[in-house]
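One structure below.
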Amino acid sequence: MDLGLTDHVAIVTGASRGIGKGIALRLAEEGCHIAICARGEEALEAAADEIEAHGVACLALPMDVTEEGEPERLVAETAERFGQINVIVGNVGGNRRGQFEDLSDDDWEFILDLNFKSHIRTSRAAIPHLREAGGGAICYITSIFGRELGGAGLSAYNSTKSALISLSKVMAQELTPEGIRVNSVAPGSIRFPGGSWDRRMKEQPEKMKAFIAENLPIGRFGRVEEVADTVAFLVSERASLVTGACLNVDGGQSHSLI
Ligand SMILES: NC(=O)c1ccc[n+]([C@@H]2O[C@H](COP(=O)([O-])OP(=O)(O)OC[C@H]3O[C@@H](n4cnc5c(N)ncnc54)[C@H](OP(=O)(O)O)[C@@H]3O)[C@@H](O)[C@H]2O)c1
């Protein structure tokens with residue numbers, strides 16, 4: 001299936017490793033020029049080299065998206081470099097685990113800035129460029145634990161991921177009339193070298209085997225490529241009727257009925 005993304009320009013936040021890098025590589029395979037960001041420069045440059053190996057251009061901007069003005073700089077420099085922006089993938093995210101009572105204002109501010117406000121700021125800056133390009137697509141990487149209970153200790157993660165789904169639904173109502181579709185993807189447990197599930201698998205293999213047997217009907221962790229394929233479809237014209245949706249990519253892990 002030709003996704004029709006050749007020569008489109010996509011921003012992927014938090015793309016020096018893991019799911020973000022996988023998405024950037026998948027979009028590069030489709031012929032998109034890519035802008036990526038992350039804090040660590042070395043891994044970011046290495047990711048940019050991998051992306052450019054697909055014959056597209058890559059702008060790699062080291063930055064902390066929680067810092068004031070940085071999401072806006074990401075968008076401005078991408079527009080300047082490529083002259084257009086068609087796709088935004090808000091992938092960056094993290095966790096501050098802890099009982100609700102133990103989380104401080106600083107913890108909440110950190111996770112709100114990273115998991116929620118960075119996406120607001122990137123999209124708000126990018127929407128005029130998408131509009132100018134005649135339309136486009138935004139896709140946020142949330143989590144199955146934004147659609148349902150993640151469990152004790154996950155109040156910051158769970159609530160910011162739910163907020164992102166809520167945001168994308170409202171944005172879809174407002175922007176779809178202008179040809180800008182907004183969706184989100186909710187991964188289950190995704191394993192990749194150096195990622196948190198990979199680390200846990202190596203540290204506690206027996207516990208993780210039991211986790212898989214109990215929680216993952218597909219019998220294994222998800223792969224970055226499986227999330228990336230879904231995102232590539234959603235930001236392409238092939239998904240022209242899909243907007244305001246949140247798609248699980250979880251091998252049957254989640255239990256939510258909605
Ligand atoms: N892996 C899973 O099983 C899973 C499941 C459900 C949802 N998700 C979601 O999927 C997304 C990606 O997850 P992942 O597991 O691939 O994450 P990850 O391995 O932690 O990678 C996060 C990426 O974002 C960058 N980053 C982190 N903080 C940043 C900041 N303040 N400013 C700019 N860049 C920053 C990281 O590079 P630097 O550290 O160098 O900045 C890295 O490139 C997240 O939103 C996560 O919540 C993941």
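Rule-based calculations on the coordinates, nothing more; no lab input. Everything numeric here is computed off the predicted structure, so don't read it as measured data. Neighbour counts are summed over all protein chains in view; Cβ atoms, including those assigned to glycine, are modelled from backbone coordinates with ideal geometry.
What you get for the chain, charging only the Cβ of Lys and Arg (+1) and of Asp and Glu (-1), is a dipole of about 820 debye around the Cα centre.
A simple rule links phi to the HN-Hα coupling: the Karplus curve 6.51 cos²θ - 1.76 cosθ + 1.60 with θ = phi - 60°, which for region 185-195 gives 10, 10, x, x, 7, 10, 9, 8, x, x, x Hz, with x for Gly and Pro. How about region 50-88: which GluC sites (Glu not before Pro) there are in a DSSP loop, with at most 15 other Cβ atoms within 10 Å of their Cβ? Loop-located and lightly packed - 67, 68.
Residue order for 155, 196, fewest other beta carbons within 10 angstrom first, comes to 196, 155.
Using a/c under 1.5 as the rounded threshold, could you call the chain rounded, prolate or oblate? The axes a ≥ b ≥ c are square roots of the C-alpha gyration tensor eigenvalues, and prolate needs a/b larger than b/c, oblate otherwise. Rounded. A simple rule links phi to the HN-Hα coupling: the Karplus curve 6.51 cos²θ - 1.76 cosθ + 1.60 with θ = phi - 60°, which for region 168-181 gives 5, 5, 5, 4, 4, 4, 7, 9, 4, x, 9, x, 10, 8 Hz, with x for Gly and Pro.
Quick check: from the Cα gyration tensor, does region 1-133 come out rounded (a/c under 1.5), prolate or oblate? Judged from the Cα gyration tensor, region 1-133 comes out prolate (a/c at least 1.5, a/b above b/c). For the residue pairs 161/202; 21/161; 21/169; 169/207; 21/202, the alpha carbons lie more than 30 Å apart in 169/207.
Given the C-alpha centroids of region 104-130 and region 175-219, what is the distance between them in whole angstrom? Rounded to whole Å, the Cα centres lie 22 Å apart.
Each Cα pair under 8 Å and six or more residues apart adds its sequence gap; the mean of these over the residue count of region 104-210 is a relative contact order of 28 percent. Annotation: amide H-H contacts under 5 Å for residue 184 (H modelled 1.01 Å from N, sequence separation of 5 or more, or interchain): 140, 245, 246, 247.
As a rough guide to protection, the peptides 109-116, 251-258, 13-20 ranked by mean Cβ packing within 10 Å, highest first, stand as 13-20, 109-116, 251-258.
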